[in-house]
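J.: Mind looking over this structure? Questions follow.
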Amino acid sequence: MAENIHPPMEQLQDLEYCIDSNPPWPETIMLAFQNYILMLGTSVMIPSYLVPAMGGSDGDKARVIQTLLFVAGINTLLQALFGTRLPAVVGGSFAYVIPIAYIISDSSLQRITDRQERFIQTMRAIQGALIVASSIQIILGYSQVWGLFSRFFSPLGMAPVVGLVGLGLFQRGFPLLGNCVEIGIPMLLLVIGLSQYLKHVRPIRDVPIFERFPILICVTIIWIYSVILTASGAYRDKPYATQLSCRTDRANLISTAPWFKFPYPLQWGPPTFSAGHSFAMMSAVLVSMVESTGAYKAASRLAIATPPPAYVLSRGIGWQGIGILLDGLFGTVTGSTVSVENVGLLGLTRVGSRRVVQISAGFMIFFSTLGKFGAVFASIPFPIFAALHCVLFGLVASVGLSFLQFTNMNSMRNLIITGLSLFLGISVPQFFHQYWNPQHHGLVHTNAGWFNAFLNTIFSSPATVGLIVAVFLDNTLEVEKSKKDRGMPWWVKFRTFRGDNRNEEFYTLPFNLNRFFPPT
């Protein structure tokens, strides 16, 4: 048998900066700003979809976007300092759309005729649901229950889950890019060209600017190009949907955003609480927990760190629960999860530095208070972000599949588990998506709206379906005799904080806090 010249590698070798090493300060600041620009796509898209359905105006939308960015900055900083300590951006999540749509369509809210009043009352109802539902992650995290459950994970079980964290977001890639191909396709080609084909070209000293800053460069070029198309009247007679996707002057964010606004808790008034709304929202909290777990595993690999031990994973989930609580208190219109696109950016730039993400959190907080300046960047057309998602979501998916190198993929058992998990993880949510709309609440359609929202949310998440299938099969099919095939000899040392000496380097709390919170 020929010698294996590509043996399994615990840590990636071709990244230049790991979790606790930092680029020079000018590069660090530019990389942090690039992270901020990238996470704007989701931060603008979610309120743009939900706020009008709630009855809100363009001014309300601008204010919600500011609040979402402000809280995302706080949550990212908390996670990087006291949570998993991985370089992961924490922002708004699409997992919450179905339960929020259920709240929006509540008959008691729909009866309110005044649009502004309906927006305020709906926002308060969403806030109350988020506050109650956040207790799920707080309890599962700080009680270490999620960490105990993670002991059932193996490289074989996690590979499809992390893979589906990226692959499951395919609808936010080319389908959105296709809404305006004249700017989406050039953006996609330019990103691939600069970051891959020209990455070794260094026109300025020894800095690989095309590899380090492809998003800043490409967004600037295509954004200017789209401004020229808009100003030249290229979309004057196009359908409204095309104009909304392509034009740079249709978002109405710059004109409606205040010059200065400091978001604060309960700015929309006191939250209102409903048992049905809270139960529906809990489904999204569970989904975001699964998706974040997969994203943390990918971020650890792209930051050249060890997989987060059970204790660290639980700590991160607990702080993420605090983040959802803050979402409810401030009124961000959605809950939080780890930004998958920003995880992918770690691999694209080959920089996994924690400091970069911490400074990007500062940009989020700073620009969210300066409304007009933040709105300028937030008015970038969505197809530009969709082109970036095509590259970055795919990169995260491939990181997940890389865990298979620690398993025996010549085992028919492993092939069946991997294939079934990936296929059902994509196929089942797609089936549920075909039936979902805000009026009928999806495939599950009983008289209990909260029950509909709960099941439709769970089974519309590729990562969650993949986790259910992969972990169940991996822990019930020939478990004892398949330990080596599953990759457990490699994985078991990462279950506990003290299982690997490198964990202390990557995951120890700052300010000597480990004295008060000793790891287990």
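J.: When ranked by the protection proxy of mean other Cβ atoms within 10 Å per residue, highest first, what sequence do the peptides 342-349, 197-204 form? Don't jump to the answer; show the numbers that get you there.
T.: Details: 342-349: 27.4, 197-204: 11.4.
Ranked by mean Cβ neighbours within 10 Å, highest first: 342-349, 197-204.
J.: To continue, here is another question. Summing Lys, Arg as +1 and Asp, Glu as -1, what charge do residues with Cβ under 15 Å from the Cβ of GLY425 carry, GLY425 excluded? Before the final figure, lay out each step's value.
T.: Numbers: positive: none; negative: GLU291, ASP474.
That sum, taken over residues with Cβ under 15 Å, equals -2.
J.: Please give the contour-minus-distance gain from LEU370 to ASP114: 0.36 nm per residue of separation, less the Cα-Cα distance, rounded to one decimal in nm.
T.: Numbers: separation 256, 0.36 × 256 = 92.16 nm, distance 2.95 nm.
Contour length minus Cα-Cα distance gives 89.2 nm.
J.: If you don't mind, there's one more thing I want to ask. How big is D, in µm² s⁻¹, for segment 382-449 by Stokes-Einstein at 20 °C and 1.002 mPa s if Rh is the Kirkwood radius over C-alpha pairs?
T.: 141
J.: Measuring from centroid to centroid over Cα atoms, what is the spacing of segment 120-185 and segment 1-50 in Å?
T.: 19
J.: Report the residues of segment 307-322 in range of a label on ARG502: point 7 Å along Cα→C-beta, backbone N strictly under 19 Å from it.
T.: Answer for this model: 307-313.
J.: Add -39500 (n - 2.57) for each DSSP H run of 4 or more in the chain, then divide by its residues: what number comes out at 222 nm, to the nearest 500 deg cm²/dmol?
T.: Value at 222 nm, helices only: -20000 deg cm²/dmol.
J.: For the chain, which cysteines have no disulfide-compatible partner, meaning no other cysteine Cβ under 4.7 Å?
T.: CYS18, CYS218, CYS390
J.: Would segment 301-356 count as rounded, prolate or oblate if I go by the C-alpha gyration tensor, calling it rounded below 1.5 in a/c and otherwise prolate when a/b exceeds b/c, oblate otherwise?
T.: Because a/c hits 1.5 or more and a/b fails to exceed b/c, segment 301-356 counts as oblate.
J.: Quick one: length gained pulling MET30 to ASP237 fully straight, 0.36 nm per residue minus the C-alpha distance?
T.: Working it through step by step, the gained length comes to 70.7 nm.
J.: Right, another one. With every protein chain present, what is the per residue accessible area of the chain (1.4 Å probe, Å²)? Could you put the intermediate results ahead of the total?
T.: Numbers: 20420 Å² over 520 residues.
For the chain, the solvent-accessible area averages 39 Å² per residue.
J.: Between segment 306-326 and segment 465-503, what is the C-alpha centre distance in whole Å?
T.: Answer, in whole Å: 20.
J.: In segment 35-125, what trypsin sites (Lys or Arg not before Pro) fall in a loop by DSSP, with at most 16 other Cβ atoms inside 10 Å? Display every interim value, and only then the final one.
T.: Numbers: sites: LYS61, ARG63, ARG85, ARG111, ARG115, ARG118, ARG124; in loops: ARG85, ARG111.
Qualifying residues, ordered by number: ARG111.
J.: Along the charge dipole of the chain, pointing to its positive end and built from +1/-1 on Cβ of Lys, Arg, Asp and Glu, which listed residue (GLN434, PRO175, TRP491) has its Cα farthest out?
T.: It is TRP491.
J.: Right, another one. Using 7 Å Cα-to-Cβ label points, what is the PHE260/ALA448 separation (nm, one decimal)?
T.: Label at PHE260, label at ALA448, 5.1 nm between them.
J.: While we're on this one: Using +1 at the C-beta of Lys and Arg and -1 at the C-beta of Asp and Glu, which of SER336, PHE363, ILE317 has the Cα lying farthest in the positive direction of the dipole of segment 273-385?
T.: Going by the charge dipole, the pick is PHE363.
J.: Which order do you get for ILE228, ILE417 if you rank them by accessible area with a 1.4 Å probe, largest at the top?
T.: Largest accessible area first, the residues go ILE228, ILE417.
J.: Mind ordering 206-219, 475-488 by average Cβ neighbours within 10 Å, highest first?
T.: 206-219, 475-488
J.: Another question about this same structure. Could you tell me whether segment 411-520 comes out rounded, prolate or oblate from its Cα gyration tensor? Rule is a ≥ b ≥ c as square roots of the eigenvalues, rounded for a/c under 1.5, then prolate if a/b exceeds b/c, otherwise oblate.
T.: Note, shape of segment 411-520 comes out oblate.
J.: By what distance, in whole Å, do the Cα atoms of segment 344-492 stretch along each of the three principal axes, largest value first?
T.: 61, 49, 25
J.: When a/c is below 1.5 the answer is rounded, else prolate if a/b is larger than b/c, else oblate, so apply that to segment 166-211 with a ≥ b ≥ c taken from the square roots of the Cα gyration tensor eigenvalues.
T.: prolate
J.: Output the Kirkwood hydrodynamic radius of segment 445-497, Cα pairs only, in Å rounded to one decimal.
T.: 13.8
J.: Determine the dipole magnitude for the chain: charges of +1 sit on the beta-carbon of Lys and Arg, -1 on that of Asp and Glu, nothing else is charged, the reference point is the Cα centre, and the result goes in debye to the nearest 20.
T.: My answer is approximately 360 debye.
J.: Same structure again: Based on Cα coordinates alone, diagonalise the gyration tensor for segment 141-198, multiply each eigenvalue by 5, take square roots, and list the semi-axes in whole Å, largest first.
T.: On the way: eigenvalues 272, 43, 22 Å².
Equivalent ellipsoid semi-axes, largest first: 37, 15, 11 Å.
J.: Could you compute the net charge surrounding PHE152? Neighbours are other residues with a C-beta less than 12 Å from the C-beta of PHE152; K and R count +1, D and E count -1.
T.: So the surrounding residues net to +2.
J.: Please pull out the direction-averaged projected area of the chain, using the convex hull of its alpha-carbon atoms, in nm² to one decimal place.
T.: So the Cα hull casts an average projection of 25.2 nm².
The values are calculated or read from the model by the stated rules, or taken from the named source; none is laboratory data. Everything numeric in this text was worked out from a predicted model, so none of it was measured. Positions of Cβ are backbone-derived with ideal geometry, glycine not excepted, and every protein chain shown enters the neighbour counts. SASA here: full protein model, heavy atoms, side chains in, ligands and nucleic acids out. Shrake-Rupley method; radii C 1.70, N 1.55, O 1.52, S 1.80 Å.
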